[in-house]
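Read the structure below first, then the notes.
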Amino acid sequence: MNNLNAADLPRPAPRSSNPEIMAAEIIERLTYRIGKDVKVAKPHDWLTATILVVRDRIIDKWMESTRKAYANNSKRVYYLSLEFLIGRLMRDAISNIGLMHEIRDALSSLGVDLDVIAGLEPDAALGNGGLGRLAACFMESMATVDIPAYGYGIRYVHGLFRQQMADGWQVELPETWLAHGNPWEFERRESSYEIGFGGSVETIGGYEDPQRFVWKPAERVIAMAYDTPVVGWRGTRVNTLRLWSAQPIDPILLAAFNAGDHIGALRESNKAESLTRVLYPADATPAGQELRLRQEFFFSSASLQDILRRHLQQYPDFTSLPDKVSIQLNDTHPAISICEMMRLLCDVHGLEFDDAWKITQGTFSYTNHTLLPEALESWPVPLLERLLPRHMQIVYAINANTLVYARKEKKMADQQIRSISLIDEGGERRVRMGNLAFIGSHSINGVSALHTELMKETVFADLHGLYPDRINNKTNGITPRRWLMQCNPGLTGLVREAIGDDFLDDAEKLTALDRFADDAGFREKFAEVKRLNKVRLANTVAQRMGIRVDPSAMFDIQIKRIHEYKRQLLNLVETVALYDQIRSHPELEWVPRVKFFAGKAAPSYHNAKLIIKLANDIARVINNDPAVRGLLKVVFIPNYNVSLAEIMVPAADLSEQISTAGMEASGTGNMKFALNGALTIGTLDGANVEMLEHVGADNIVIFGMTAEEVAKARAEGHNPRAIIEQSAELSQALSSIASGVFSPDDRSRFAGLIDGIYNSDWFMVAADFDAYADAQRKVDAIWSDQDSWNTKTVRNTARMGWFSSDRTIRQYATEIWRA
Ligand code: 7GP
């Protein structure tokens, strides 16, 4: 390697932060990179030119970061995730390199408005929800706290579907984030790997005592890398997000083409490319299909080949792998990596099984994101055997070692053996990916204190008994750059005025704001910032939906994936009850509220889609009823995504975090709202429990059953019918929904949904209803004393700094990665 460093060479254009020079650079990119004249440039061209200028400013740091990691023999962290919900990147990058004012000025000298072109950047939706967004926050935090890290994932051509409403029903449309190209990424043709599927395994060195196994795949595709730089706060470090795209080995079968079979000639090529075409839209439910397993193996194999190649470039062999490499599995989607690592080490690099196993376990760690039993991935044995025959052999070998150890050393009984086995034998035999991830890793972490304890008691109880040192907690966090500084510049400015800039580098310094909660003048300014954010949301809703909402009403917001356990239905039933109450008691002083909902449902999730329709049906009736005009409105905003969240989060007065206790692993939306000065109404679930500890019981409204109570009610059986009969409000709300008050065009539309509450109430909607309604009236009472409300909201912002993903990442780094 030579020592030439581009940064040391003379450059044609100085990387100045002078707006005039940057304006010239933008024009230079427009002219020479995009080939457009200033006179005919479209807003998209300006966007691309600006991104290219920003990207160039990041590249020197990027190379420096890579060189530094190499020179210092630093440990590298690899975050393997099938989802990275990164959203828009330009504002993030500009703000992190500290050039917001300069670029704004440069553009405006060219007659271009930064906000307008920023709004054109596609929202990269390469994820479904919490798990994918967490990966994006982690990428930014790893760069910020200076950890050499790579994110590995898939470059889906179509990210999460676009949600449209047709008569209140969700309709899914394809999303095309790459339509205008992607100026952030670098195509790396040289970083390509072959990925195999199917075929057979040959043994070399005798059938009885084989020395080596060789997998002969029947199909092959190429994985090609696309790199996106991820810049940390103040440009400290730039890491790489490497996304794999599938390419055919032969772009066209010319022989077939020449023989007239034009479609057949492209069949292979289409098949290869379809591998990375779409993101499965399932959230907290397994996608289940063969194509999904192919995606999982494809990106796992490409990533591991890349990791091992990079290691061998720097070190003589793999004994140092656990000291120099940490691979974090983001849920079980990349769990097949464990078998692929074993295959590469043993079959390709010639290591002994036991040595390879030590290295593998020392290198991998696994994060679990859900306890929902239906969400735990498993694959039918025959499918794995057909698609990945060598990996299936390795599964059996790992399983044999583990079960023998459990039986002989730990004296485990049949029932425990059944539960720790990699093979689920209840019914069709399936490989349990959670058990594989657990057994192949030295660390298994949950994402909130409660969730981690429940992991030990439920899904992984027996594996925890076998390996009691492995489970640990890493409570989730959010990046304060995107979720405070960028999405809420008004609040950021106000906080800087009050306590200075320290919190920008260390979110926990926000505690200095606490004393301002008692300062009436400050509270007023804080409330004024909130009001302006609400006006912005009101304008968005007016523009997009033609609905007018009053920014002086309480903005009550529930935004997240639609799922029964998240209980949008509880919120809707309470909305109907409130509607009834307001109409029955018009003489009372009701707090004006706007209830906002947004979120996508998995296309195959029937009840979730019905809940969206219910929200829209209820909205139509309530919003057209003069009896509640000015007091209650319901708005379901279509196509929830990161960019919409960036508008809604700063505008919330009340944050709805009302999942059935024990079911939301952590939640991260809860953190975003509280940081931006919303009050939370929530259950003792996920990270809400720790938020309560941090903000204090006076500053959060907690209600409902505990996880323990839910488990007990489910085990012993509870009687929802009796509960419903005892609550007049609840009975009335349920029967009006069930009887078609909100669906006159199809009176039985919601009968089944409501029957579920009467008959089993698995999600404790009836069981928690009264507590929830009481909590809502408590919220009204606090709101009616605006001084008290604002004191609490300031305290929320002041006390939420601990939930920065910088803190989370530091904990991963010291306790798991030792990086
Ligand atoms: C989510 C959890 O539902 C949420 O509570 C948590 O905050 C988030 O992960 C980040 O840890 N899980 C998923 O998004 C998901 O798809 C299935 O889980 C694997």
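The table below gives the values:
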| read-out | value |
| --- | --- |
| Enumeration of residues in region 344-377 that are part of a helix (DSSP H, G or I), open to solvent by less than 30 Å² (accessible area, probe 1.4 Å) and either small (Gly, Ala, Ser) or closer than 28 Å to Ala813 by Cβ (or both) | Leu344, Leu345, Ala356, Ile359, Thr360, Gly362, Thr363, Ala375 |
| Residue among Glu140, Glu190, Glu172 that alone is open to solvent by 30 Å² or more (accessible area, probe 1.4 Å) and modelled with pLDDT of 95 or more | Glu172 |
| Selection within region 643-693 - under 16 Å from Gly446 (Cα atoms), polar (S, T, N, Q) and in contact with a Phe, Trp or Tyr (Cβ under 9 Å, 6 or more places away or on another chain) | Thr668 |
| Helices (runs of 4 or more DSSP H) completely within region 260-343 that count 2 or more residues being more than 16 Å from the ligand (Cβ to nearest atom), under 27 Å from Arg561 (Cα atoms) and open to solvent by 30 Å² or more (accessible area, probe 1.4 Å) | 290-314 |
| Residue list for region 224-239, restricted to those being among the polar types (S, T, N, Q) and surrounded by fewer than 22 Cβ atoms within 10 Å (Cβ to Cβ) | Thr228, Thr236 |
| Cross-chain or 6+ apart pairs with Cβ under 6 Å, region 67-90 first and open to solvent by 10 Å² or more (accessible area, probe 1.4 Å), then of a type in the set (A, V, I, L, M) and at pLDDT below 95 | Lys75/Ala819; Ile86/Ala124 |
| 3 or more residues within 30 Å of Thr814 (Cα to Cα): qualifying helices (runs of 4 or more DSSP H) within region 473-556 | 502-505 |
| Residues of region 387-414 classified as among the basic types (Lys, Arg), in a loop (DSSP other than H, G, I, E, B) and out of contact with any Leu (no Cβ under 7 Å at 6 or more places or on another chain), total | 1 |
| Failed criterion for Glu428 (all others in (1) at pLDDT below 95; (2) part of a helix (DSSP H, G or I) hold) | (2) |
| Residue check, Met433 within 16 Å of the ligand (Cβ to nearest atom) and open to solvent by less than 20 Å² (accessible area, probe 1.4 Å) | yes |
| Filter result for Ile417 (more than 24 Å from Gln211 (Cα to Cα), open to solvent by 10 Å² or more (accessible area, probe 1.4 Å), in contact with a Lys or Arg (Cβ under 7 Å, 6 or more places away or on another chain) and not in a loop (DSSP other than H, G, I, E, B)) | yes |
| Subset of region 560-596 [open to solvent by 10 Å² or more (accessible area, probe 1.4 Å) and either among the charged types (D, E, K, R) or part of a strand (DSSP E or B) (or both)] | Lys560, Arg561, Glu564, Lys566, Asp580, Arg583, Glu587, Glu589 |
| Met100 without any contact (Cβ under 8 Å) to a residue 12 or more places away in the chain and open to solvent by less than 60 Å² (accessible area, probe 1.4 Å) | yes |
| Evaluation of Ile612 against (1) more than 22 Å from the chain's Cα centre (by Cα); (2) β-branched (Val, Ile, Thr); (3) under 25 Å from Phe673 (Cα atoms); (4) in a helix (DSSP H, G or I) (one fails), failing number | (1) |
| Qualifying residue in region 451-459 (condition: touching a strand residue (DSSP E or B) at 6+ places or on another chain (Cβ under 6 Å) and open to solvent by 60 Å² or more (accessible area, probe 1.4 Å)) | no |
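Let's see how each residue does on (1) surrounded by 20 or more Cβ atoms within 10 Å (Cβ to Cβ); (2) closer than 22 Å to Pro551 by Cβ:
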| site | (1), (2) |
| --- | --- |
| Pro489 | no, yes |
| Gly500 | no, no |
| Asp505 | no, no |
| Glu508 | no, no |
| Ala512 | no, no |
| Phe516 | yes, no |
| Phe522 | no, yes |
| Ala527 | no, yes |
| Leu532 | no, yes |
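The values are calculated or read from the model by the stated rules, or taken from the named source; none is laboratory data. Bear in mind the structure is a predicted one, so any value in this text is a computation, not a measurement. All Cβ positions, glycine included, derive from the backbone under ideal geometry; neighbour counts span all protein chains shown. Calculation scope for accessible area: heavy atoms of the full protein, side chains included, ligands and nucleic acids excluded. Shrake-Rupley method; radii C 1.70, N 1.55, O 1.52, S 1.80 Å.
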